[in-house]
């Protein structure tokens, strides 16, 4: 990499922020252009009315994710194991009682980040100059002009760069950004067929004043083939003084208004955990299908389709354009670990 090269990163999720942080450690400044009004991408922690950190996005990781754990430790953040003690529930049919089962303590549990997953992206963003982070800046065109790139945004601004790194879902590159000269045909063919992990998922969170399920001997873990809630987990904080659940709704729930989704969630939980489930302090859900995640037309036939594809490992436009983002990772694509692996790989390419 030449001295004083200007690098622009498209996307301020975990991958883009990690890449900017890694380059900053080598005294290389970058500009992050984020299309939405916030950083974090598919990581989003919110505070309930009682200040419980609640996860609407990526939540869990394990010892199988050493690059993520190393980054967490480097940033002086802490992890703690997902709670699973007590009776867990499995609903097979709506007209049969839920089955109860115990999950033995695992030697390799899932972990969460103390304070919420967004502690990770918030901490990374503080390592980068705020002047170099531009929110509400959705890129619509990248054009080569001599030895430089002109990057144009919907807000009318133009940026000049020597290199651009695309840290957004690959599908969005082909559907939302006009690149000139065009990327090779084989790349253009593959981009719409790269699955965006979490696209279309519906995640919900609940906050309660008391952990009544724990007091009644339940773990808070639920799996269901019949209710609107398909998966659910205890979401008590590390200090064990803020309480709640997080989980996923079935795909059909996207057609219901939020109030109906809430009503159906509470009805299901009342039947399983009792009347106390009807009085949450907070209910929020999020459908991960907005313009920053997907254009709604994914051509997907299998999980993780084309994630880590060899064409996503190459640079284009004579080394001026790079793909990054968790979907490009050769391992753990779609996960937080994949986002960190992709950032490490991209940083190595840029520093050569």
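The values are calculated or read from the model by the stated rules, or taken from the named source; none is laboratory data. Since this is a predicted model, take the numbers as computed values, not measurements. Ideal geometry is used to build each Cβ from the backbone, glycine not excepted, and the neighbour counts take in all protein chains shown.
Could you tell me which residue of segment 64-93 is nearest to residue 228 (Cα to Cα), considering only residues that are in contact with a helix residue (DSSP H, G or I) (Cβ under 7 Å, 6 or more places away or on another chain) and free of Cβ contacts under 8 Å to residues at least 60 places away in the same chain? Of everything passing the filter in segment 64-93, 79 is nearest to residue 228 (Cα to Cα). Screening 238, 245, 223 for residues that are in contact (Cβ under 8 Å) with a residue 12 or more places away in the chain, under 23 Å from the mean Cα position of the chain (by Cα), buried (at least 21 other Cβ atoms within 10 Å of the Cβ) and outside the structural domain of residue 171 (by TED's automatic domain parsing) leaves exactly one candidate, 245. For segment 8-48, taking the residues that are out of contact with any helix residue (DSSP H, G or I) (no Cβ under 7 Å at 6 or more places or on another chain) and on the phi > 0 side of the Ramachandran plot, the one that is modelled with the lowest pLDDT is identified as 27. Considering segment 1-36, and only residues there that are within 17 Å of the chain's Cα centre (by Cα) and in a loop (DSSP other than H, G, I, E, B), the residue that is surrounded by the fewest Cβ atoms within 10 Å (Cβ to Cβ) turns out to be 36. When 336, 317 are checked against the criterion of being outside the structural domain of residue 58 (by TED's automatic domain parsing) and closer than 30 Å to residue 87 by Cα, a single residue qualifies: 336. Among the residues of segment 37-59, those identified as under 16 Å from the mean Cα position of the chain (by Cα) and surrounded by fewer than 18 Cβ atoms within 10 Å (Cβ to Cβ) are 37, 38, 46. Look at (1) in contact (Cβ under 8 Å) with a residue 60 or more places away in the chain; (2) buried (at least 18 other Cβ atoms within 10 Å of the Cβ); (3) under 20 Å from the mean Cα position of the chain (by Cα) and you find that residue 115 fails only one, number (2). Which residue out of 51, 140 is closer than 30 Å to residue 293 by Cα and not assigned by TED's automatic domain parsing to the domain that holds residue 208? Checking each option against the conditions leaves just 140.
Name the single residue that is surrounded by the most Cβ atoms within 10 Å (Cβ to Cβ) among those in segment 257-270 being touching a helix residue (DSSP H, G or I) at 6+ places or on another chain (Cβ under 9 Å) and without any contact (Cβ under 8 Å) to a residue 24 or more places away in the chain. My answer is 266. Just one of the listed residues (76, 105) is part of a loop (DSSP other than H, G, I, E, B) and modelled with pLDDT of 95 or more, and it is 76.
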